[in-house]
Structures are given as C-alpha cells and as structure tokens.
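The values are calculated or read from the model by the stated rules, or taken from the named source; none is laboratory data. Quick caveat, the model's predicted, so the values are computed rather than measured. Cβ placement follows ideal geometry from the backbone for every residue including glycine, while neighbour counts extend to all protein chains displayed.
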Amino acid sequence: MARSATRLGWSVIESPLSDGGEGLLEAVRRPADQLETTEVAGPLGQPVTAAWLRGPDRCVIEMARASGLALAGGPGGNRPMEATTRGTGQLLVAAARALAATASRSAADGSPPSIIVGLGGSATTDGGLGALDAIDEAGGLGRVDLVAACDVRVGFLDAARVFAPQKGATPQQVAELTERLDRLADRYVERFGIHVRALPGAGAAGGLGGAVAALGGRLEPGYRLVAELVGLRHHLEQADLVITGEGALDATSFAGKVVGGVLGDASAIEVPVLVVAGRATTEAVDLARGYGARVVSLSDRFGRARSYRHTVECLEEAVTEALEDFDGA
C-alpha cells in the first residue's frame, strides 16, 4: 500500500494496528521496548518459546504466542478438552517479574506498571484456569495494572458455544466445555467475588478474559486500546485518505475488528477510506459503503488464483488504480 502511494507522489503515514489478536506486539512496540522470549507450556503441554515486549513501565504479551491454536496444529490437531492457558499465565508471571525488577523507574505519580495481554487466536476453552494456576504457583503477579485487549465481547459461557467449534470441538465437547465454564464461573465468584457470566469480553480467548477480570484486570476493546496507544486519531486528522484492509471482509469485520474500527473513526471526521480485501461479501461491501468507503476485492479484480498466488503484486496494482482515480490527491 505504502509503496504504491509513494510512487504516485503521496506522503504516507504507516500505522500498523491490531484488535488484540496476533500482531499486537508489532503494532504497539516502542523504541525503548525490548523483545524478550520465554519458554512456557504450549496449549497442549509441549514447550514453546514465546516472544513478548518488555519496557520500563509496561510489558505486552500475546496469548496466542503461548496458547494459540496455530501452536496446537490448528483445529485438526487441537485437543479442545485439554488445551490450556497455563503458558499464558507463565508469560504473565515473567512480565510481572520483569516489571518488579525495574520498580525504581515506575511512574512518578505512584501508579503501578502495566501488563497488556492480547486475547486472540486461542486454542483454549479452559476459562483461564490454566493461567490462574500458573500465577498462583508463582505467588501472584504483584502490583501491576493488568489490561486485556479483547477482539470479541462475548460472555463467559458463550466462549464454548461460539468459538469452541472453530477450535476442533464436537457438539458433545461444546456441551461439556459449557458446563465446565459454568462451574468455573461459580468458583470465580466464591474466590474473587467477580461475576464473569455476563461480563462483556469475559469469553474472549476461551474464557481467559474472565480470569483476567477475576484477577482485578480490565477488559478493553482491543482495537480501541491499540488505536489510543499508537495515536491513530492524530494520524487520521492529518490524512486526506485512509487505506486499510484484511484477508476476508465480512460482517465480523465490523464487530470490534480493525477495519470496522478504522471506518468508524475515519468517517467520524469525514476522511475517505479505501478498503482492500482478499475477498469481500456483498453484505460487508454494503456496510463499508455506509461509511462512505470504497472496497476493492482482489479476488474479484484479479481472480482467485492470481490474487492468492501473487497477493503483493495484486495489492500494489489495486491500490495504484484506486489512487489514480482519487480526486483528492
């Protein structure tokens, strides 16, 4: 996108974004942040090396790097009843210990350092119990401001019904997982006094959102949190045109995902938007047009075969064509 615009004489501001899922580390990394790695338990118990960001006043982790579906071999390789967030808990402990080691550089106002955990791409539906167990075994997280970036707003019990089938669960397993989450919700009330059943976002990452809330953490819409961290509003106010996109543009793109968020924010200040997608449903195109945006589907423009095999080439060509037609340059 940037290369195409630059070749045509545009001045480009690049702003990577995330909704709390994969890509969070790259989107919010600051010059002072260091990329660390820690060996933790993977979603099926196997050791994995997970990267995370360490800064003087905050750490950022992605649960998918410790407990992600890709690490379990996708839906076909996953064991939904066994998949655990234990490794995510171990990452949280590592981040908390790192922040404790730099406590002397904490905020002058006395506020605690923060840990941001991205909830997305999970293999798990354990309600965050594995993470809690790992944290308990380590003696807790200490004094930190725990924030979860949620890419969905589902309730705790809905984690099984809505997302477990995508993680390889059979209908019988979905029913068993729902019952397990229901019992766990009672335990969270008894131990922490937190009612997670109806809490928006508690079902994110198979219920890990509920565990974060039980620990006293905050559940934030991932896109909104990242947009604030990277100063997206400031970038939009300087722009004559915004270009965004994703692989598959559909109705879910407007339910807390990056594209829908960008469209909403840009349209609020009347900045036009070009959306480039690998493919797009008719419903999604209509929704985008409602924001005044133009949508280009690479599959429609170049054919499925070419757009899949030569995606970057097609992307650059599509953006070049669109910008040549744009009358605000």
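Values computed for the structure shown
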| item | result |
| --- | --- |
| Of residues in the range 139-156 being aliphatic (A, V, I, L, M) and within 20 Å of the chain's Cα centre (by Cα), the one farthest from Q90 (Cα to Cα) | V154 |
| Lone qualifier among E237, E220, E270 - being at positive phi and modelled with pLDDT of 95 or more | E270 |
| Residues that are touching a strand residue (DSSP E or B) at 6+ places or on another chain (Cβ under 8 Å), farther than 18 Å from L219 by Cα and at pLDDT below 95, drawn from the range 100-150 | S111 |
| Filter result for the condition that a residue is part of a helix (DSSP H, G or I), under 27 Å from the mean Cα position of the chain (by Cα) and under 23 Å from T6 (Cα atoms), over L287, L274, L323, L315 | L315 |
| Single residue of V93, V60 found to be more than 16 Å from the chain's Cα centre (by Cα), among the β-branched types (V, I, T) and either at pLDDT 95 or above or under 16 Å from T49 (Cα atoms) (or both) | V93 |
| Members of the range 252-261 that are out of contact with any Leu (no Cβ under 7 Å at 6 or more places or on another chain) and either in contact (Cβ under 8 Å) with a residue 12 or more places away in the chain or within 22 Å of A2 (Cα to Cα) (or both) | S253, A255, G256, K257, G260, G261 |
| Test: residue in the range 196-205 that is in contact with a helix residue (DSSP H, G or I) (Cβ under 6 Å, 6 or more places away or on another chain) and of a type in the set (K, R) | yes |
| E321 vs. criteria of a type in the set (D, E) and either touching a residue at least 40 places away in the same chain (Cβ under 8 Å) or in contact with a Ser or Thr (Cβ under 8 Å, 6 or more places away or on another chain) (or both) | no |
| Residue within the range 218-225 that is buried (at least 19 other Cβ atoms within 10 Å of the Cβ) and either more than 23 Å from C150 (Cβ to Cβ) or among the aromatic types (F, W, Y) (or both) present | yes |
| Pair list, Cβ under 8 Å, 6 or more apart: the range 7-33 residue without any contact (Cβ under 8 Å) to a residue 12 or more places away in the chain, other residue not in a loop (DSSP other than H, G, I, E, B) | V12/A2; V12/A5; V12/T6 |
| Failed condition for A227, given (1) without any contact (Cβ under 8 Å) to a residue 40 or more places away in the chain; (2) aliphatic (A, V, I, L, M); (3) touching a Gly at 6+ places or on another chain (Cβ under 8 Å); (4) in a helix (DSSP H, G or I) | (1) |
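Let's see how each residue does on (1) of a type in the set (A, V, I, L, M, F, W, C); (2) outside the structural domain of R29 (by TED's automatic domain parsing); (3) more than 24 Å from A280 (Cα to Cα); (4) touching a strand residue (DSSP E or B) at 6+ places or on another chain (Cβ under 9 Å):
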site	(1), (2), (3), (4)
T170	no, no, yes, no
R183	no, no, yes, no
D186	no, no, yes, no
V189	yes, no, yes, no
H195	no, no, yes, no
P200	no, no, yes, yes
V242	yes, yes, no, yes
V259	yes, yes, no, yes
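Residue-by-condition table, conditions (1) surrounded by fewer than 23 Cβ atoms within 10 Å (Cβ to Cβ); (2) more than 17 Å from the chain's Cα centre (by Cα):
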| position | (1), (2) |
| --- | --- |
| R30 | yes, yes |
| A50 | no, no |
| A66 | no, no |
| G74 | yes, yes |
| T84 | no, yes |
| G118 | no, no |
| G121 | yes, no |
| E137 | yes, yes |
